[in-house]
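Notes to accompany the following structure.
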Amino acid sequence: MAMTERVKQILSWYGSDSPGTKANLYRLLNTGRLAGTGKLVILPVDQGFEHGPARSFAPNPAGYDPEYHAQLAVDAGCNAYAAPLGFIEAVADKYAGQLPLILKVNNSDSLSKLGGAPISAVTSSVKDAIRLGCAAIGYTIYPGSDARNDQLEALRELTLEAKAAGLVVVTWSYPRGTGISKDGETAVDIAAYAAQIAAQMGSHIIKVKPPKPLVEHPEAKKVYEKYQIPIGTLSERVSHVVQSAFGGKRIVIFSGGEAKGTDEVLAELKEIAAGGGFGSIMGRNAFQRSRPDALKLLEAAMKIYGAP
Amino acid sequence: MAMTERVKQILSWYGSDSPGTKANLYRLLNTGRLAGTGKLVILPVDQGFEHGPARSFAPNPAGYDPEYHAQLAVDAGCNAYAAPLGFIEAVADKYAGQLPLILKVNNSDSLSKLGGAPISAVTSSVKDAIRLGCAAIGYTIYPGSDARNDQLEALRELTLEAKAAGLVVVTWSYPRGTGISKDGETAVDIAAYAAQIAAQMGSHIIKVKPPKPLVEHPEAKKVYEKYQIPIGTLSERVSHVVQSAFGGKRIVIFSGGEAKGTDEVLAELKEIAAGGGFGSIMGRNAFQRSRPDALKLLEAAMKIYGAP
Amino acid sequence: MAMTERVKQILSWYGSDSPGTKANLYRLLNTGRLAGTGKLVILPVDQGFEHGPARSFAPNPAGYDPEYHAQLAVDAGCNAYAAPLGFIEAVADKYAGQLPLILKVNNSDSLSKLGGAPISAVTSSVKDAIRLGCAAIGYTIYPGSDARNDQLEALRELTLEAKAAGLVVVTWSYPRGTGISKDGETAVDIAAYAAQIAAQMGSHIIKVKPPKPLVEHPEAKKVYEKYQIPIGTLSERVSHVVQSAFGGKRIVIFSGGEAKGTDEVLAELKEIAAGGGFGSIMGRNAFQRSRPDALKLLEAAMKIYGAP
Amino acid sequence: MAMTERVKQILSWYGSDSPGTKANLYRLLNTGRLAGTGKLVILPVDQGFEHGPARSFAPNPAGYDPEYHAQLAVDAGCNAYAAPLGFIEAVADKYAGQLPLILKVNNSDSLSKLGGAPISAVTSSVKDAIRLGCAAIGYTIYPGSDARNDQLEALRELTLEAKAAGLVVVTWSYPRGTGISKDGETAVDIAAYAAQIAAQMGSHIIKVKPPKPLVEHPEAKKVYEKYQIPIGTLSERVSHVVQSAFGGKRIVIFSGGEAKGTDEVLAELKEIAAGGGFGSIMGRNAFQRSRPDALKLLEAAMKIYGAP
Amino acid sequence: MAMTERVKQILSWYGSDSPGTKANLYRLLNTGRLAGTGKLVILPVDQGFEHGPARSFAPNPAGYDPEYHAQLAVDAGCNAYAAPLGFIEAVADKYAGQLPLILKVNNSDSLSKLGGAPISAVTSSVKDAIRLGCAAIGYTIYPGSDARNDQLEALRELTLEAKAAGLVVVTWSYPRGTGISKDGETAVDIAAYAAQIAAQMGSHIIKVKPPKPLVEHPEAKKVYEKYQIPIGTLSERVSHVVQSAFGGKRIVIFSGGEAKGTDEVLAELKEIAAGGGFGSIMGRNAFQRSRPDALKLLEAAMKIYGAP
């Protein structure tokens, strides 16, 4: 497939990256049904690690088998598949060529119930991503949490190493911590700040949660009011968050969160698309449905983002 | 001995591994009485480090001598022998060729009685495993404990290094910590989660304790009930744990625990075998018996797993 | 442009540095309207990271786009542009040749409200500065804070690595901590001490805040009184701070602080210039104004420092 | 001197070691009056560091001079001389050829009186041992103490590095900590456990304190009683400790402790020899006596161990 | 100048050092007015870092300029000049050939007033010393303080690296901590112990404070009384401290402390010289005097140590 103007434009924002990294960005943007549109729908399966196997896969037991997910991503026409080391290793030998793989290099589990923000363990490395033919690494930061500096410094090292290896860096940016209320974690100012930090860290693709119509920090509130930044609708808030990532020059995608009804999922995606969001990452809403239902939902999602 | 279909199938699950690692997996699966069956019985002797010499070896004083155990493993037809550095070093020069050795690279002792989950010291390294001709390294993690992240990150490094050296990684996964009750440490949801985490970390072989008919976490309980996951018999629980390790595509073996009567041991093994468990690791039940009794017990165990 | 006598003199103070570092110092001193004067006006844009995107860029939304700032620095005739990794990466490919770039390698954010002095995360590295064609790295230390030793030791490593790569080291030196009152953070003795420490760490360019007519430490107070060190006017205090950085043989520049009125900004600059300050670093006062206003202010600032 | 059968036998227990390490073990076993007997008497002088110079050397001021000790070891016919970096460096150039040197790479001092078990600083390295022509490194661990894991992990690194350099590893194993009573530190079960841990860590030579007729841990007590392990006499306890170090296949030597009367020292040595101990390490009892008295005592000690 | 017998003798104590390190020791002993005598007077200027610029240099403002000190050291005929990175860098290009430079690689400041012993930051490195043509590195340890192990381990690394680069190691040994009273920090037993520890760490030159007629530790007191160690006069105490550093086979020099009257300074030096001290390190007493007064004092000091 020839490079579209839109993909060319997006790649132009990453001018300081090496040809290797640009090639992997190109692969992510040119795979699946959304190839060439500049939009992405990614299948992530880290729930087995994060919530345990039964809570993740009992609703659709085919999902215990790592191959199920890779094949689902291919058949649904996703741009990429993201998972922890074990799941990636189980499929890389067969799928790395046809499906861009994102190695999720840190993870947390829910076996321990410590207070405070989660602190993920770094469970794999850039070296693993290289040997497994991955296109990208994925890393979660919790800006605002006590461990944020350790996380940013680990991300710095991983980013430098990934770029030197021609890989793309995808950052999950989830604000937390004692300075942020539970609701405020997805407040629009906090989500915009989360996107800014991930962008300043040198990430190529940034994943945030859909922002709520709420401004958390008082100093920020003054500014949102003074300059009348529109945040009433989800599409307006998405638009603000995208702007906050270098005036729209970084790829920002949004997560779907907990499993929910098809209509609800699609309504949210329409708002994200209308606000200029670059796509979605859809996990539980995909792999916990039966395979036919998942394929149907993913097709509908991609259509919203402009798939033919 | 020619490669059996079953071994071929098992090796196919590890497609992303190097020929070196596959060769060592092959050695583990093709040594001893169970060669070619896809099942394993492994002799581990780390009790001297964990409980002290007299508590470990006074019942059968021949066991003070490291050579005793290696010879026992060979004579009984075990698939492998696992021990800490000192014990492996004492026999590697003579046995590394005929018996796959698993270097247990972390250990804890019982000289200190700190509260909380044990924190093992890393007592040897992949470099040691290489120079001693070992087939695998073994590492214990305590998911759920406060130190879990340090342990997972150490395991990540060791796993990467081991795979680069063509070694197999065996992970002992023992959940602990303030979020888990004492009984819950071997609850079926916890054991299944322990197997999942070890698998996601990229381990080739996973050792867990036989699971009890108990679901520890409330969120998990809802799922087990809703989807009616059968956990009434040990064989059902073993089956669920094996499924939780990538739909049965990772080798999961079970420990025997404290020394106990022969009938009790064999009854448990039958359930594990019926549930699709890949084998057992038998320590105190072997080396604390007299040599003739140990040989007899190990032979019976292997027969249960299908040895001719 | 031929080397001026003043630039030659300044370079002579850095005799132990490599030709590579001297060449980058030369670039910093010979770029823009102040080229050859030995004075510098630098545009720094780390507010997006430090205060969040809306608080930084809503007043002048063109600033969400990283390219805006680099172009502003070029058009205004600044000596250099300083920013975190993301902002530098977004422009380096296009601007590194025409505009000296200073990679600000540590940053703190305001998402968390911990008590005590801020602890910046190291967010990029000398290796990043090299691959992005930067002329310098920038690093903030908080002398007097609990984490000062970690910061000085990180600065030591970065400085050694930067010098080996022919880069210039710019240190932001902001005293903090339980031994210093809030007001005392910009007391003249503290500012002078901050400059001395940065100089002793081997920094080439030192940034401090304009000092106030106040002596914080009692032991210092005795000395200021006994030797009648003049600190009544800002220019006298600037002069003392410059003297405190190796008798004037290190480049010391001053920050502008919060956005404020044009007259106020220029009055302060005149005092700094009169006291022998080597220049200013002007962020919010520049990029939060409209482009025409910013260009006008920067031109006026440079005229004060002797631009033709 | 030709290799004796006994030395050949001892070397056979270290079959996985390199020829370089075996050569240094050979040197240790074939130097001095006890050459070829398989027994060792070693002179250690780390008291200057541990207790300060006056408390160590005022009784015999010739000992302030490092050369005094090396010459004493040579003249008395010791197998080796052990000391911290400074003392070894002061004599290595002259003595490394004629006298096996053991670089004691960690030390603690008595300037600070912190509660809890001592935490030694690592004061020199394998690289120092190599450049100074040493035959071995010495390292102290405190099993049971809070810092035991750090110590075991440091020992692991040092051991791996030492073996790669053909050096011998001598481990001082002194149990401590909140789980052990003061008296229990030299209880027979604890001493046996200390020997086992050092052996499992891969040490070639293990130094423990002479064990007392006391079993510290209740779980161990049951075993000692059930299997009627004889611990009534010092020779019986020494025999048990030696057995606990791989059935007698690791060299275990015993310390003398505080300076005491000649008869008392020799009586203890006879018991150690009778129990199959491999020798003694004699510090204060040697260098705090006058040179003639020290030579006399050391000669008597060696005779007990079988010197001609 | 030909090598004197005394310098030859001193160098013979460092037989295990490389020719490179011996050459730099030779340079230190053969520079200035005391060349060849085996005695040293060193000019140290780390006060700017430790106490701040005004407190250090206001009494003699010429001292703000780093070149002032290097030239003073040359003109006074000092053996060497010691300072932190910034001050050394400012003069190395011009002075490294004619004046042995000692890079003081750790420093503490007085901006923070934490309780407990100071914890210095490591502010430069052996690599810096090499690129700046220094003859030695200088490092401060605080034996007895809580952070002593970190300091000893950092010193170990620096010492190994310095020796491999042919540099000399100068250790400032200042006991502190909760086990030592304020007065006791310079008690004679503590000073002797401080010298012993620095010597055992492998230091070539040891700097301690002049000891007071006081024995701090009860166990030491018994020994000083039993063996009637003379400590009544400063020269006796100096003699004991020198003996405590390997029987006089390590170079021990003494600090002058706070600025004081000329007579007082010289009286102290005479006692140090009479006790066999190897010299003095004179900072504030030199650079806070006017240049003519400083030259006069330094000349008088050197005469006491035997300068012609």
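The values are calculated or read from the model by the stated rules, or taken from the named source; none is laboratory data. Since we're looking at a predicted model, the values are computed, not measured. Please note: Cβ atoms are built from the backbone with ideal geometry, for glycine as well, and neighbour counts cover all protein chains shown. SASA here: full protein model, heavy atoms, side chains in, ligands and nucleic acids out. Shrake-Rupley method; radii C 1.70, N 1.55, O 1.52, S 1.80 Å.
Could you list, in sequence order, all residues of the stretch D:188-242 that are in a helix (DSSP H, G or I) and without any contact (Cβ under 8 Å) to a residue 12 or more places away in the chain?
Within the stretch D:188-242, D:200, D:218, D:219, D:222, D:223, D:225, D:226 qualify.
Any residue in the stretch A:250-265 that is farther than 13 Å from residue A:208 by Cα and assigned to a strand (DSSP E or B) sitting within a Cβ distance under 9 Å of a residue that is among the hydroxyl-bearing types (Ser, Thr, Tyr) and modelled with pLDDT of 90 or more? List the pairs, counting only those 6 or more apart or interchain.
Going by the 9 Å Cβ cut-off, there are no qualifying pairs.
For residue C:292, are the conditions met, namely being in contact (Cβ under 8 Å) with a residue 12 or more places away in the chain, of a type outside the set (Asp, Glu) and open to solvent by 60 Å² or more (accessible area, probe 1.4 Å)?
no
Could you please find all residues in the stretch B:218-250 being among the polar types (S, T, N, Q) and within 8 Å of another protein chain (Cβ to nearest Cβ)?
Those that are among the polar types (S, T, N, Q) and within 8 Å of another protein chain (Cβ to nearest Cβ): B:243, B:244.
Of the conditions (1) of a type outside the set (Phe, Trp, Tyr); (2) closer than 25 Å to residue A:269 by Cβ; (3) open to solvent by 20 Å² or more (accessible area, probe 1.4 Å), residue A:40 clears all except one; give me its number.
(3)
Looking at (1) facing chain C (nearest Cβ under 8 Å); (2) surrounded by fewer than 20 Cβ atoms within 10 Å (Cβ to Cβ), find the lone condition where residue E:54 falls short.
It is condition (2) that residue E:54 fails.
Just to confirm my filter: which helices (runs of 4 or more DSSP H) fall fully inside the stretch C:16-102 and include at least 2 residues that are under 15 Å from the mean Cα position of the chain (by Cα)?
By residue number, C:19-29.
Which one of these does residue D:158 not meet: (1) open to solvent by 20 Å² or more (accessible area, probe 1.4 Å); (2) of a type outside the set (Phe, Trp, Tyr); (3) touching a strand residue (DSSP E or B) at 6+ places or on another chain (Cβ under 8 Å)?
(1)
Give the residue that is surrounded by the fewest Cβ atoms within 10 Å (Cβ to Cβ), with candidates limited to residues of the stretch A:258-289 that are within 25 Å of residue A:244 (Cβ to Cβ) and of a type in the set (A, V, I, L, M).
Residue satisfying both the conditions and the ranking: A:267.
Given the criteria surrounded by fewer than 21 Cβ atoms within 10 Å (Cβ to Cβ), hydroxyl-bearing (Ser, Thr, Tyr) and in contact with a Lys or Arg (Cβ under 8 Å, 6 or more places away or on another chain), does residue A:255 qualify?
yes
Do the conditions hold for residue C:92, that is, is it open to solvent by less than 20 Å² (accessible area, probe 1.4 Å) and under 23 Å from residue A:249 (Cβ atoms)?
Taking the combined requirement at face value, the residue satisfies it.
I need the full set of residues from the stretch C:270-295 which are part of a helix (DSSP H, G or I) and within 14 Å of the chain's Cα centre (by Cα), in order please.
Those that are part of a helix (DSSP H, G or I) and within 14 Å of the chain's Cα centre (by Cα): C:272, C:284.
Going residue by residue through the stretch A:130-147, is there one that turns out to be within 30 Å of residue B:242 (Cβ to Cβ), assigned to a helix (DSSP H, G or I) and not hydrophobic (A, V, I, L, M, F, W, C)?
Among the residues of the stretch A:130-147, at least one is within 30 Å of residue B:242 (Cβ to Cβ), assigned to a helix (DSSP H, G or I) and not hydrophobic (A, V, I, L, M, F, W, C), which makes the answer yes.
Is there a residue being within 26 Å of residue E:170 (Cα to Cα), touching a Pro at 6+ places or on another chain (Cβ under 6 Å) and open to solvent by 10 Å² or more (accessible area, probe 1.4 Å) anywhere in the stretch D:67-83?
no
In this structure, does residue E:246 turn out to be within 15 Å of residue E:194 (Cα to Cα) and either among the β-branched types (Val, Ile, Thr) or in a strand (DSSP E or B) (or both)?
no
So, of the residues in the stretch E:130-163 that are touching a residue at least 40 places away in the same chain (Cβ under 8 Å) and of a type in the set (Val, Ile, Thr), which turns out to be nearest to the other protein chains (Cβ to nearest Cβ)?
The qualifying residue nearest to the other protein chains (Cβ to nearest Cβ) is E:159.
For the stretch E:103-121, enumerate the residues that are within 17 Å of the chain's Cα centre (by Cα) and surrounded by fewer than 23 Cβ atoms within 10 Å (Cβ to Cβ).
Passing the criteria: only E:108.
Being open to solvent by 40 Å² or more (accessible area, probe 1.4 Å), more than 14 Å from chain B (Cβ to nearest Cβ) and either in contact (Cβ under 8 Å) with a residue 60 or more places away in the chain or acidic (Asp, Glu) (or both) is the filter here, so list the residues in the stretch D:1-31 that pass it.
Passing the criteria: D:5, D:23, D:27.
Determine the pairs where a residue that is of a type in the set (D, E, K, R), located within the stretch B:55-71, has a partner that is open to solvent by 30 Å² or more (accessible area, probe 1.4 Å) with Cβ atoms under 6 Å apart, the partner being 6 or more residues away or on another chain.
Sorted first by the residue in the stretch B:55-71, then by its partner, the pairs are B:65/D:247.
Do we find that residue A:170 is touching a strand residue (DSSP E or B) at 6+ places or on another chain (Cβ under 6 Å), β-branched (Val, Ile, Thr) and either within 28 Å of residue A:270 (Cα to Cα) or not in a strand (DSSP E or B) (or both) in this structure?
When the stated conditions are applied, residue A:170 passes them.
Please verify whether the stretch D:203-214 includes one or more residues that are open to solvent by 10 Å² or more (accessible area, probe 1.4 Å), aliphatic (A, V, I, L, M) and either within 11 Å of another protein chain (Cβ to nearest Cβ) or over 15 Å from residue B:49 (Cβ atoms) (or both).
yes
Kindly indicate whether residue E:199 is surrounded by 20 or more Cβ atoms within 10 Å (Cβ to Cβ) and touching a strand residue (DSSP E or B) at 6+ places or on another chain (Cβ under 9 Å).
Taking the combined requirement at face value, the residue satisfies it.
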